[in-house]
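Following: one structure in structure tokens, then a few remarks.
The values are calculated or read from the model by the stated rules, or taken from the named source; none is laboratory data. None of these values were measured; they are calculated from a predicted model. In this analysis, Cβ positions are derived from the backbone assuming ideal geometry, glycine residues included, and neighbour counts consider all displayed protein chains. Each accessible area value is taken on the protein alone, full model and side chains, heavy atoms only, with ligands, DNA and RNA left out. Shrake-Rupley method; radii C 1.70, N 1.55, O 1.52, S 1.80 Å.
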Amino acid sequence: MEARRSRNQHHNLSSSSSSTSYTQKKPSNVTRHQSKFSSSARSHSNAARVPFNNAQEDAADADPQSFSDFNPLVGTCPYMCPERERIQRENLRDLAVFERLHGNPAKSSPSLAVKKFCRTISTKYIQPFDMRPLNVLEDTLNYLMSLLESKEHPFEVVHDFISDRTRSIRQDLTMQNIVNKKAIYMYEQMVKFHVISHHKLWHSMSDPNIASMHHLNLEQLTKTLASLFNLYEANRNSTYVHENEAEFCSLHVLLHLDSSSKPTVEPLSLWFCCVPALVLKSKEMQFARRILRSFRLGNYKEFFRTTASQASYLQYCVMEPYINEVRALAISCINFGGYKLHPYPLFNLSKLLMIEESDLESFCNSCGLKTCTDESGNKLLPTKQTTFSHPKGGFQHYSFLGLQEYESKF
């Protein structure tokens, strides 16, 4: 209900969350699928093929190979949005703020309107001119990615629009059974979008509506990653690994830093058994596994040292929400394990935790710890304090020394 209220709140601005069909009506006696699509653990093995009867729910989240037993549609729509959908949405005044011609909520154009996601698709009513061919889908995705730089609207509005429209792109790719290397590149771009959104929305989690949006984005990130893994498998060569496969597999591992979130149903150990050996041996996967191990063991020195020297931009986006948790763990260990007569210098601690000394003082205070100054003016953290606690409102954002160039992109 909260997620629905979030989408309703942004409807007047983005009009992107509705699952209403503009190209077909739902048959009254449609047979729904009862089987679930293969999970991400199976996505590196032979993916199960799901029958495509009269209707397919949420085809964007299906295994891209699940339609290969049937004659796929071949789209002929030359525009980002089919003409009849655009006209109908103009009549209904159902245009996102990015689709309005000169700000008119009842007027759009082929260069602005983008096909909306439709939850239930029926092949009985779909026509080739309702589907966009690969080259149009590529142009549409490039257009949507360019909107990420928009500063005219809050990021949550931009995200809501792009999330819905990229989901529609995934749906068109799946229904046309497009599983080539161009599809892989498109899925990688869409995963990048969800990873960046995962990070940006996390910084506004104090707003319940955005917190709900963050949760929904994590769901779509997980589903898009699973579909991407299926595409890698469909194009698998025994002596070849796709150039970006290792990094995107590492993102799946890093999403398990918070064991309580459970981004996938199956244990990560089972997923590892299905990953190709060449991927497991890659530097990206070695990094992710080292980070996961140090995080779960509480080895904060290894965690920060490895992050500072090896983290990529996308990996940092996934990891950033957990960095302050590890900093708090480190301060707790030093506070309770230190020698009371020898306060810990904040300068040394800041280098260890990859944080500015002034920010570290603020961080310690937010954890209920007091700092002091010696005769030389050096800031110190007295140990054995009994007031340590995690801040009730969560941690504020602090920079990561050495990775400020990543943060500047946010």
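Can you pull out the residues in region 87-117 that are open to solvent by 30 Å² or more (accessible area, probe 1.4 Å) and touching a Ser or Thr at 6+ places or on another chain (Cβ under 8 Å)? Passing the criteria: 97, 100, 101.
Residues that are charged (D, E, K, R), in contact (Cβ under 8 Å) with a residue 24 or more places away in the chain and in a helix (DSSP H, G or I) do occur in region 245-262.
One line per residue, one yes/no per condition, for (1) of a type in the set (A, V, I, L, M, F, W, C); (2) open to solvent by less than 30 Å² (accessible area, probe 1.4 Å); (3) part of a helix (DSSP H, G or I):
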| site | (1), (2), (3) |
| --- | --- |
| 339 | no, no, no |
| 351 | no, no, yes |
| 355 | yes, yes, no |
| 361 | no, no, yes |
| 364 | yes, yes, yes |
| 375 | no, no, no |
| 383 | no, yes, no |
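Each residue in region 277-291 was checked for being touching an Asp or Glu at 6+ places or on another chain (Cβ under 8 Å) and either among the charged types (D, E, K, R) or open to solvent by 30 Å² or more (accessible area, probe 1.4 Å) (or both), and 2 pass. Name the residues in region 385-403 that are in contact with a Ser or Thr (Cβ under 8 Å, 6 or more places away or on another chain) and open to solvent by 80 Å² or more (accessible area, probe 1.4 Å), would you? Residues satisfying the conditions are 393, 396. Taking region 265-317 and the helices (runs of 4 or more DSSP H) fully enclosed by it, the elements with 2 or more residues that are over 20 Å from residue 236 (Cα atoms) and in contact (Cβ under 8 Å) with a residue 60 or more places away in the chain are at 300-310.
Just checking, does region 218-230 include any residue being open to solvent by 40 Å² or more (accessible area, probe 1.4 Å) and either in a loop (DSSP other than H, G, I, E, B) or not charged (D, E, K, R) (or both)?
No, region 218-230 contains no residue that is open to solvent by 40 Å² or more (accessible area, probe 1.4 Å) and either in a loop (DSSP other than H, G, I, E, B) or not charged (D, E, K, R) (or both).
Filtered by the rule that a residue be touching a Pro at 6+ places or on another chain (Cβ under 8 Å) and among the polar types (S, T, N, Q), region 144-196 gives 174, 176, 177.
Listed by first and then second residue, the pairs linking a residue in region 150-168 that is within 17 Å of residue 116 (Cα to Cα) and open to solvent by less than 40 Å² (accessible area, probe 1.4 Å) to a residue that is among the aromatic types (Phe, Trp, Tyr) and part of a helix (DSSP H, G or I), with Cβ atoms under 7 Å apart and 6 or more places separating them unless they lie on different chains, are 161/98; 162/193; 166/193. Per this entry, residue 294 is not counted among residues that are at pLDDT below 90 and either under 27 Å from residue 353 (Cα atoms) or buried (at least 19 other Cβ atoms within 10 Å of the Cβ) (or both).
If I go through region 118-149 residue by residue, how many of them are surrounded by fewer than 18 Cβ atoms within 10 Å (Cβ to Cβ) and assigned to a helix (DSSP H, G or I)? Of the residues in that region, 13 qualify. Among the residues of region 244-252, are any within 24 Å of residue 156 (Cβ to Cβ) and open to solvent by less than 10 Å² (accessible area, probe 1.4 Å)? Yes, region 244-252 has at least one match. Among residues that are of a type outside the set (Val, Ile, Thr), modelled with pLDDT of 95 or more, open to solvent by 10 Å² or more (accessible area, probe 1.4 Å) and more than 15 Å from the chain's Cα centre (by Cα), residue 182 is included. When residue 188 is tested against (1) out of contact with any Lys or Arg (no Cβ under 9 Å at 6 or more places or on another chain); (2) closer than 24 Å to residue 97 by Cβ; (3) acidic (Asp, Glu); (4) in contact (Cβ under 8 Å) with a residue 12 or more places away in the chain, just one condition goes unmet, and that condition is (2).
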